[in-house]
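Report on the structure given below.
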Amino acid sequence: MKGIIVAAGYGTRFLPVTKTVPKELLPVGTRPSISYIVDEFIASGIEDIVIISSRRKKALEDWLDREMELEELFRREGRQDKLALIAPPKARFSFVRQTEMRGTGHALLQVAPLVAGEACVVAYPDDLHVGPRPLARQLMDVYEATGKCVLATILEPGDVSRYGVVDPGADGVSVRGFIEKPALGKEPSHEVSIGRYLYTPEFFGYLAEGWARHEKGEYFHTYALDRMIAAGKVAFRRTEGERLDTGEPGGYLDAILRNAAADPSLRPILEAFARRELGLK
């Protein structure tokens, strides 16, 4: 099974830094955001990872490559700890460019030839997962039990009008419907979809079918998803672990603070700041 990381977007919510720095390389602690997804895939047993990028994202390729000068420096110094920090992830990477920003459905079509005939896990780097069991593996377990596409979800008790919301089946696994940004009070549940999906090969056939009928504007994956749901071939998995939503500056800041709180070397600094600047005990 392959892993797909959709990383072609402009990252306009983080301008001006994303004018030249890919949003996926913005750090959470000392690690770039994309490394959380890569590590999740590898821990789930995924060894082939395809990254959908764009012209402005060459730095992603560089980060995943070897850094020969630093390696030589750290070898001379005997710094095995530093060598470990810059070692490339143990996976095979391919890069596909989306030359026009025409929506996520269009982006996924760019990798269809590379995943033909097998299921894949698709990740959007705005959604990071922290927990003892990798999120991709959680989706793979459901796929292995059902043979269906699988949506990752969280239970959102409040307003879900800005989410894609699942209409769950009575079995607590199957998906009967999916509504994008339902009006307040019209939501079928509070089971909301987050940026991790497992797609079967059949999904990509419907994705191509929808693109052939598409006339203008951005093209998303919803046509193919709706067709798969109508055929009874979509399940969901409520996420175990913690979701970090780094898609906008507020959520990104929250992820940084959570990372600092969990790091014994950084937590004292965070606590001192809270006492000094916020008057917290």
(message) Distance between the C-alpha centers of the stretch 17-37 and the stretch 77-95? Whole Å please.
(response) 17
(message) How much of the pair distance distribution for the stretch 49-119 lies past 21 Å, counting alpha-carbon pairs only, in percent?
(response) 44
(message) For a quick check: sort Met68, Met140 by the number of other beta carbons within 10 angstrom, fewest at the front.
(response) Met68, Met140
(message) Under 10 Å, Cα contacts only: if you run a Gaussian network model on the chain, which one of Glu218, Glu271, Glu47 comes out with the highest mean-square fluctuation?
(response) Glu271
(message) Just to be sure I understand: with springs between alpha-carbon atoms less than 10 Å apart, which residue in Arg162, Arg102, Arg176 has the highest mean-square fluctuation in the Gaussian network model of the chain?
(response) Arg162
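Using r as the Cβ-Cβ distance of Asp39 and Lys186, and R0 as 30 Å, what FRET efficiency do you calculate, to the nearest 0.05?
0.20
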(message) Which of rounded, prolate or oblate describes the stretch 1-89 when judged by the alpha-carbon gyration tensor and an a/c cut-off of 1.5?
(response) oblate
(message) Order these by the 10 Å Cβ neighbour count, fewest first: Ile42, Ile4.
(response) Ile42, Ile4
(message) For mean projected area of the Cα convex hull in nm², pick the label among (i) 14.1; (ii) 17.7; (iii) 15.6 that corresponds to the value derived from the coordinates.
(response) (ii)
(message) Skipping prolines and chain starts, which residues have an amide H placed within reach, meaning under 5 Å, of the one on His129, given they are 5 or more residues away or on another chain?
(response) Leu244
(request) Could you sort out which of Lys186/Lys233; Lys23/Lys281; Lys2/Lys82 sit more than 32 Å apart by Cα distance in this structure? (result) Lys23/Lys281
(request) Would you please name the trypsin sites (Lys or Arg not before Pro) within the stretch 210-251 that are DSSP coil residues with at most 10 other C-beta atoms within 10 Å of their C-beta? (result) Lys216
(request) Give me the distance in nm between label points sitting 7 Å out from Cα along the Cα-to-Cβ direction at Ser94 and Arg56, one decimal. (result) 2.7
(request) Would you mind calculating the gained length between Arg75 and Ala262 on full extension (0.36 nm times residue separation, minus the Cα-Cα distance), in nm to one decimal? (result) 64.2 nm
(message) Compute a Gaussian network model of the chain, connecting alpha carbons closer than 10 Å, and tell me which residue from Gly117, Gly105, Gly195 fluctuates the most.
(response) Gly117
(request) Take the Cβ-Cβ distance between Asp171 and Glu240 as r, set R0 to 22 Å, and report the resulting FRET efficiency rounded to the nearest 0.05. (result) 0.75
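FYI, it's all coordinate maths here, none of it is from the lab. Note that this is a predicted model, so its numbers are computed, not measured. All Cβ positions, glycine included, derive from the backbone under ideal geometry; neighbour counts span all protein chains shown.
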